[in-house]
Amino acid sequence: MYFDVKKRKPRTVFASLLACSFSLFLATSHASSPLEDSLDLVVKTQSATNVALSWQPTYTHLPDVIYEVMRDEKVICTTSLTFFLDQGAIPNTRHRYQIKALSKGTELLQLSNVNQTLTLKDNLNDGLRNGSIIRTGIANLNSSCGTNSVNNIADEQLDACLSNTLAFYELDKGLDDMRAYVARLRRHENRELIELGQRLFHSKALSENFDTSCASCHSPDIGCGSDNMSLPIGVNALVPDVVGLERSDGEVMPSVGRNSPPICNTALWVDSMFWDQRVRIREPNRDSEVGKVSTAQIGTPERDVTQIMNSEIDNTDPLRLLIAQAHFPVTAASEMGDPSSFASPQAYREFIASRLDEKWQPLFTNAYGDQTINFMRIAKALAAYQASFLFIDNPFFRYLDGDMTSLNESEKRGALLFYTNAAGCANCHDGVMFTPDRTRGPLYPQIGPNAVADGNAKNQFRMPSLLNVGLTAPYGDKGVFATLERVITHYSDVTSSLENFYFNGETCDLPQFSELSDEQCLTVVGGGDDFVLALQAEIRAASDRGDDAVTRNFTEQEIDYLAAFLRSLTDPKARPGSVEMKTLTPPHDGGPDGHQLDVIKVSEPLLPPNPE
């Protein structure tokens, strides 16, 4: 399933047609797939010349259905399968693909969506860098544009100013690295393993009381694989198949103490997993290159898991951080299950694996070659599924490619603020990953069951990536800000923001808690107010920078510009309801054993209208 693309010679269209003819021969031995209503095409770049295509089967009640694969409006293949590897793509080219379903080769039955992808520039990049960096210094707006205010820049000068600014960061190299990194992951994908992972991710059978799945708090139907909630509701939901803001366990205080991170791009992290980085590579920062895959050992909160990971999983496996991460939600009492009555958390995990009955065996056999079921196999499948959520094709990256029309004027002004001393955001959110995978301030408001003394010594958590950030509200390790505008206001004046959050009762303004009384909202605050305000006063007293030095005082217009730029980091394919997100959600059929989370209600997503 894995190969070194540098050893492969570019294939021609003729080679692709030969492969397609061979797929027609193979199709005669494949059983038909279940009937679907749509012909949804997904395309994934694997290298400079290879693009993988897959689509949902249609008209399977007809035995003679074939599919024509079109690249840039030209037929390059005819097949009876529902997948194809185009080995004749052109390097550094954005190709458009579409599928036709035909009966007896003449009658048009259906057309798929048109989907496009950009091939790599070449096959020389090893794909071991995710685009994260730590840089000293930031571009100066006056040096780049001859003014200290983005409002003074004429519309026709925006591109020149932004070009001068971005030249300071060499983002094009980081983008090449990230794209090669994603292509390496795409080459590693195993369709059968991902299908098993999808079913497991949506199965309540992995929870102690068969009432919670991974998708209960990380749904493809919401926010790039999150739940729209400030603090999740894991076990004991009143209606287990409800996800999003309507999910409730009947209690005032949520059961889980930290916000659910999105699934999108979790495979891009190379150093750590979780808000508190409790699963991470055991390598001192001074010895590791930021953003580069390491072969050092993995550390976890459990000796058993640490030993298993470092003895059973190859240290070059691109999914090993995700495999380690998959061990822990199932043993979190508030999230999925309580292992305290077992000899160890690992013994509990194997108990959960042993409960999967014989109806799961065909899926495990398809993925692994035999029907053995154990928790490590479950973890590998969950990791493979999560790693398929890769979404990095956004308007800002297209702008870096040279498409000056991909950003509007507000987004360009926001980028100038972001990347210069005018706002200073790139001091921390640098590189195309927009995070160095490290913990940094400032302090965020704290609420919920973990409101006091959470995180590291300064109550800081891992800096999130800003890719697709327009989809992932509410924001922060406790989900305390419902909009990007409110996040930016926090960075404008952190002390005032913290005081306003607590003194103005902003907890009650969050969608999850909007129906609570003031007294109930105070319960949700959980003592975070006194703790955080005292900690902020301590931090400010110990700092050698005066309040004026850390206060930005952004105008409302500047806040709008910055928010517009941040939303330009959204890949349209990551939006709820996209073809890609639909194919990442299993059919509503109860799953192999009837314990699948078949969502019956999803709250409206907390995101702006689709600009398209």
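The values are calculated or read from the model by the stated rules, or taken from the named source; none is laboratory data. All values reported here derive from a predicted model rather than from experimental measurement. With ideal geometry, Cβ positions are generated from the backbone for all residues, glycine too; neighbour counts draw on all protein chains shown. Note: areas computed on protein heavy atoms with side chains; ligands, DNA, RNA excluded. Shrake-Rupley method; radii C 1.70, N 1.55, O 1.52, S 1.80 Å.
Across the stretch 418-429, what is the total count of residues that are surrounded by 24 or more Cβ atoms within 10 Å (Cβ to Cβ) and more than 25 Å from residue 265 (Cα to Cα)?
Residues meeting the conditions: 3.
So which residues in the stretch 453-474 are under 20 Å from residue 528 (Cβ atoms), surrounded by 21 or more Cβ atoms within 10 Å (Cβ to Cβ) and not hydrophobic (A, V, I, L, M, F, W, C), if there are any at all?
459, 462, 474
Residue-wise test of (1) surrounded by fewer than 23 Cβ atoms within 10 Å (Cβ to Cβ); (2) acidic (Asp, Glu); (3) closer than 30 Å to residue 576 by Cβ.
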{"site": "395", "(1), (2), (3)": "yes, no, yes"}
{"site": "406", "(1), (2), (3)": "yes, no, yes"}
{"site": "431", "(1), (2), (3)": "no, no, yes"}
{"site": "437", "(1), (2), (3)": "no, yes, yes"}
{"site": "447", "(1), (2), (3)": "no, no, yes"}
{"site": "450", "(1), (2), (3)": "yes, no, yes"}
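What is the residue count in the stretch 128-148 for residues that are small (Gly, Ala, Ser), under 34 Å from the mean Cα position of the chain (by Cα) and not in a helix (DSSP H, G or I)? Show your work before the answer.
Our first condition is that a residue be small (Gly, Ala, Ser); within the stretch 128-148, this holds for 131-132, 137, 139, 143-144, 146.
Next, from what is left, pick out any that are under 34 Å from the mean Cα position of the chain (by Cα): 131-132, 137, 139, 144.
Next, from what is left, pick out any that are not in a helix (DSSP H, G or I): 131-132, 137, 139.
Residues flagged as small (Gly, Ala, Ser), under 34 Å from the mean Cα position of the chain (by Cα) and not in a helix (DSSP H, G or I) within the stretch 128-148 amount to 4.
Mind checking which residues of the stretch 88-143 are of a type in the set (S, T, N, Q), out of contact with any strand residue (DSSP E or B) (no Cβ under 9 Å at 6 or more places or on another chain) and closer than 29 Å to residue 426 by Cα? Quick ask: steps written out before the conclusion?
As a first pass, look at the stretch 88-143 and keep what is of a type in the set (S, T, N, Q): 92-93, 98, 103, 106, 110, 112-113, 115-117, 119, 123, 125, 130, 132, 136, 140, 142-143.
Keeping just the survivors that are out of contact with any strand residue (DSSP E or B) (no Cβ under 9 Å at 6 or more places or on another chain) gives 106, 123, 125, 136.
Result: 125, 136.
Quick one: would you say residue 233 is touching a helix residue (DSSP H, G or I) at 6+ places or on another chain (Cβ under 6 Å) and either farther than 23 Å from residue 377 by Cβ or open to solvent by 10 Å² or more (accessible area, probe 1.4 Å) (or both)?
Values: touching a helix residue (DSSP H, G or I) at 6+ places or on another chain (Cβ under 6 Å): no; either farther than 23 Å from residue 377 by Cβ or open to solvent by 10 Å² or more (accessible area, probe 1.4 Å) (or both): yes.
Answer is no for this residue.
(1) closer than 18 Å to residue 332 by Cα; (2) of a type in the set (D, E, K, R); (3) part of a loop (DSSP other than H, G, I, E, B): which one isn't true of residue 304, the others all being true?
The number of the failed condition is (3).
Within the stretch 550-575, how many residues are open to solvent by less than 40 Å² (accessible area, probe 1.4 Å) and at pLDDT below 95?
Of the residues in the stretch 550-575, 1 are open to solvent by less than 40 Å² (accessible area, probe 1.4 Å) and at pLDDT below 95.
Tell me which residues, restricted to the stretch 91-121, are assigned to a loop (DSSP other than H, G, I, E, B), open to solvent by 70 Å² or more (accessible area, probe 1.4 Å) and farther than 23 Å from residue 395 by Cβ.
Residues satisfying the conditions are 104, 106.
Report whether or not residue 343 is farther than 30 Å from residue 187 by Cβ and over 24 Å from the mean Cα position of the chain (by Cα). Lay out the reasoning, then the answer.
On the way: farther than 30 Å from residue 187 by Cβ: yes; over 24 Å from the mean Cα position of the chain (by Cα): yes.
Here the answer is yes, as residue 343 does meet what is asked.
Of all residues in the stretch 180-210 being part of a helix (DSSP H, G or I), open to solvent by 20 Å² or more (accessible area, probe 1.4 Å) and touching a Lys or Arg at 6+ places or on another chain (Cβ under 8 Å), which is nearest to residue 408 (Cα to Cα)?
Here the answer is 186.
Scan the stretch 503-525 and report the pairs whose first residue is part of a loop (DSSP other than H, G, I, E, B) and whose second residue is crowded, with 20+ Cβ neighbours inside 10 Å and among the polar types (S, T, N, Q), with Cβ atoms within less than 7 Å and a gap of 6+ or a chain change.
If the second residue must be crowded, with 20+ Cβ neighbours inside 10 Å and among the polar types (S, T, N, Q), the pairs left are 510/230.
So, residue 337, is that one open to solvent by less than 40 Å² (accessible area, probe 1.4 Å), over 24 Å from residue 431 (Cβ atoms) and among the small types (Gly, Ala, Ser) or not?
Numbers: open to solvent by less than 40 Å² (accessible area, probe 1.4 Å): yes; over 24 Å from residue 431 (Cβ atoms): yes; among the small types (Gly, Ala, Ser): yes.
Against the criterion (open to solvent by less than 40 Å² (accessible area, probe 1.4 Å), over 24 Å from residue 431 (Cβ atoms) and among the small types (Gly, Ala, Ser)), residue 337 qualifies.
Please enumerate the residues belonging to the stretch 290-303 that are in contact (Cβ under 8 Å) with a residue 24 or more places away in the chain and open to solvent by 60 Å² or more (accessible area, probe 1.4 Å).
In the first step, residues of the stretch 290-303 are kept if they are in contact (Cβ under 8 Å) with a residue 24 or more places away in the chain; the result is 290-294, 298, 300-302.
Once the filter is applied, which keeps residues that are in contact (Cβ under 8 Å) with a residue 24 or more places away in the chain and open to solvent by 60 Å² or more (accessible area, probe 1.4 Å), the stretch 290-303 yields 292, 301.
Starting from the stretch 414-440, take each residue that is at negative phi and aromatic (Phe, Trp, Tyr) and list its partners that are in a helix (DSSP H, G or I) and open to solvent by 30 Å² or more (accessible area, probe 1.4 Å), counting only C-beta distances under 8 angstrom and pairs at least six apart or across chains.
That search, which allows pairs on different chains as well, returns 418/425; 419/425.
How many residues does the stretch 340-361 hold that are open to solvent by 10 Å² or more (accessible area, probe 1.4 Å), in contact (Cβ under 8 Å) with a residue 24 or more places away in the chain and outside any loop (DSSP other than H, G, I, E, B)?
4
Residues to consider are 137, 127, 174; find the one that is open to solvent by less than 30 Å² (accessible area, probe 1.4 Å) and at positive phi. Let's see the steps before the verdict.
Numbers: 137 fails: open to solvent by less than 30 Å² (accessible area, probe 1.4 Å); 174 fails: at positive phi.
Every option except 127 fails the conditions.
So, in the stretch 477-490, exactly how many residues are under 13 Å from residue 445 (Cβ atoms) and touching a residue at least 60 places away in the same chain (Cβ under 8 Å)? Write out each step before concluding.
Start the filter on the stretch 477-490 by keeping residues that are under 13 Å from residue 445 (Cβ atoms), which leaves 477-482, 486-487, 489-490.
With the extra rule that they be touching a residue at least 60 places away in the same chain (Cβ under 8 Å), the set shrinks to 477-480, 482, 489.
Here the count works out to 6.
Going by the structure shown, is residue 533 of a type outside the set (S, T, N, Q), crowded, with 19+ Cβ neighbours inside 10 Å and in a helix (DSSP H, G or I)?
Numbers: of a type outside the set (S, T, N, Q): yes; crowded, with 19+ Cβ neighbours inside 10 Å: no; in a helix (DSSP H, G or I): yes.
For residue 533, the condition - of a type outside the set (S, T, N, Q), crowded, with 19+ Cβ neighbours inside 10 Å and in a helix (DSSP H, G or I) - is not met.
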